[in-house]
Structures are given as C-alpha cells and as structure tokens.
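Here's the structure, in structure tokens; my notes come after.
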Amino acid sequence: MASPISRCRVTSCLAATLLVAWAAVAVPADPYDAPRRHMVREIAEMAEETAIETDRPRLDARVMQAMGRVPRQLFVRPGDLSEAYDNRPLPIGHGQTISQPYIVALMSDLLRLKPGQRVLEIGTGSGYQAAVLADLGARVHSIEIIEPLGRRAAENLQVGGYGQVRLRVGDGYHGWPEAAPFDGILVTAAASHVPPPLVKQLRPGGRMVIPVGGAFLTQYLLLVEKQADGAVTTRQILPVRFVPLTGGH
Ligand code: SAH
C-alpha cells in the first residue's frame, strides 16, 4: 500500500501532467495568423488583376509562402498594429513608408531568386522587404540612408529572426562594391535613372527591379536584366508610386 508521502508524489505528478496538458492547449494562437492569410489572398487577387501589365497572374509559390510567414506586425509602428496586414503602404517615420505588401511580393517575384543567392536592397526602411528576401533563403545586403531607420530596421530584423541580413547606412546609389556581384538588386525608392554603379554590380544573368520616374511624375517599375554576355535589357512592368531616392549622388 502506498505511504501518504508517495501518494502525495503521485498527486503532484498528476498535477504536473495536467499542467503540461493545459499549457499545450492554452498556447495562444497567433492573433496575426488570420490577417496574414487574408493579406496573402489579397496579393493573389491583385496579381491576377494586374497580370495584363506584369505577365505574372500567379506569383512564385515560394514568394507567397514567405509573405505568409514574415511577421509584418514587427515592422510597423506600434500605433499601426491593427493595420499591419492591410494591403497598402504605411508610414514608418522620417517621411518614409513600408511598401504595399503586393508590391513587396511582386518585386521579390520578379527577382526569381534561388536560395543562397546574393541580393542587394537599396532603401531598408522598416526592414520588411529585406526580411521577405531573407525568408526566401537569399543572402541579403541592404542599405538605408536615414540612420535612425537603419538602426530600427536592424532591431526589427533581429527580433524577427532575420539577424543574418547585412545592413549599412549610406547612399545606396553607389551600391555595396565589396559585396558585389549580386544575383539580384531591389531598389525600393524611385530614382530618376537606373544608377550605373548598380548595373555594374549586377552579376551577368542577374536581375534588378527598380522604380524610375520623378516624385510628381509617373514612375514605372522596371526590370533590368544583365545577359550572360553583359548586354543590359530593360522592361517596363507597371506604374507605381514610391518615395524618392535621395542622397547627393
Ligand atoms: N523597403 C522598405 C521600404 C522603403 S521606403 C521596407 O520594406 O520597409 C524607401 C526607403 O529608401 C526609405 O527608408 C528611404 O530613407 C530610403 N532611401 C532613399 N534614398 C536612399 C538612398 N540614396 N540610399 C539608401 N536608402 C535610401
């Protein structure tokens, strides 16, 4: 017959088991799960709607999976959490914005990145686009010209588990020559022209996606491809609206 002490042990053991079972049931569900799924559906719909211009009615499944994984709420301001998964840009301070999710997905898709490839982003902003590229398995380098934004992006990326993204503060017009060549280059601010240093830092076979146009003029998202022989071709994808590329270049 069990002694009072061992009965007590049995009871506490049972209590511990129940506690573990309760904890397993009580792990709170991710409150952003449903909004994130909804955002992914909206991106898919928008891709179909814009297919005449983009030629991409369905974006790469890997890009869509990344959009369904990256916690966008970590990259928006605390006051905007309830809008974190709206399919539109949001302010991030210093007159800058985190891009619209559909545009982030489209630009990532247009790069056709394979895991392990090297990519350069100009305009880190919140760090969200960099996180999506890192989630795709790319080795991401990103340059931001506004120092406090660069610092906050570094924190956001660390918290999101994307601490491997390499960041630098400076004028991205000149690229990151020590880390070149890149398989992909993404510019997330509108330039008046395609910066020659970036074309130079693109690997033959590589792709650059860049909005080109004035702050008050129509801007077009361009796909710039460097062929194996070094020849460069440019294709206009669709009209867009980005903050301007600044800097003294
Ligand atoms: N990709 C960002 C959104 C960027 S908004 C995100 O996912 O949140 C455009 C960013 O480009 C702004 O943060 C702006 O400060 C930055 N920028 C503008 N001109 C730049 C330049 N010459 N070099 C680097 N960054 C620049």
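What is the local net charge at Q73, summed over the other residues whose Cβ is closer than 13 Å to its Cβ (Lys, Arg +1; Asp, Glu -1)? My count for the surroundings of Q73 gives -1. Put a plus charge on the Cβ of each Lys and Arg, a minus charge on the Cβ of each Asp and Glu, and nothing anywhere else: the dipole of region 107-232 about its Cα centre is then about 220 debye. Taking amide H as placed 1.01 Å from N in the peptide plane, I92 has its amide H under 5 Å from the amide H of T97, I98, each at least 5 places away in sequence or on another chain. Solvent-accessible surface of the chain, taken per residue with a 1.4 Å probe and all protein chains present: 51 Å².
Taking the 1.4 Å solvent-accessible surface of the chain as the whole, the part contributed by carbon and sulfur is 58%. Can you tell which of V169, V209, V187 shows the greatest fluctuation in a Gaussian network model of the chain with Cα springs below 10 Å? For the chain, modelled as a Gaussian network with Cα springs under 10 Å, the answer is V169.
Using a probe of 1.4 Å on the protein chains alone, the accessible area found for L217 is around 130 Å².
Which values of log₁₀ I(q)/I(0), to two decimal places, follow from the Debye formula for region 64-184 at q = 0.11, 0.12, 0.13 Å⁻¹ with a uniform point scatterer at every Cα? Listed by q, the Debye log ratios stand at -0.32, -0.38, -0.45. Annotation: amide H-H contacts under 5 Å for I185 (H modelled 1.01 Å from N, sequence separation of 5 or more, or interchain): L120, R207, M208, V209. Helices in the chain, meaning DSSP H runs of at least 4 residues, each add -39500 (n - 2.57). Divided by all residues, the mean residue ellipticity at 222 nm is -10500 deg cm²/dmol.
Near Q219, the amide H atoms lying under 5 Å from its own belong to V240; only residues 5 or more places off or on other chains count, and H is placed 1.01 Å from N.
Helix 4-26 versus the longest principal axis of the chain: what angle, 0 to 90°, nearest 10, using Cα atoms? The two axes meet at around 30 degrees. Give the longest segment of the chain that steers clear of chymotrypsin sites (Phe, Trp or Tyr not before Pro) in DSSP loops with at most 16 neighbouring Cβ atoms within 10 Å, not counting the sites themselves. It works out to 33-215. Where does helix 147-159 land angle-wise versus the long Cα axis of the chain, in degrees 0 to 90, nearest 10? Relative to the chain, helix 147-159 is tipped by roughly 40 degrees. Using a simple spin-label model with pseudo-atoms 7 Å out from Cα toward Cβ, T234 and Q65 lie 3.5 nm apart. With the convex hull of the Cα atoms taken as the outline of region 210-249, the averaged projected area works out to 3.6 nm².
The values are calculated or read from the model by the stated rules, or taken from the named source; none is laboratory data. Keep in mind that what you see is a predicted model, and the values were worked out from it rather than measured. Because the Cβ atoms are built from the backbone with ideal geometry, glycine has one as well, and the counts that use them run over all protein chains shown. Just the protein is used for accessible areas: all its heavy atoms, side chains included, with ligands, DNA and RNA removed. Shrake-Rupley method; radii C 1.70, N 1.55, O 1.52, S 1.80 Å.
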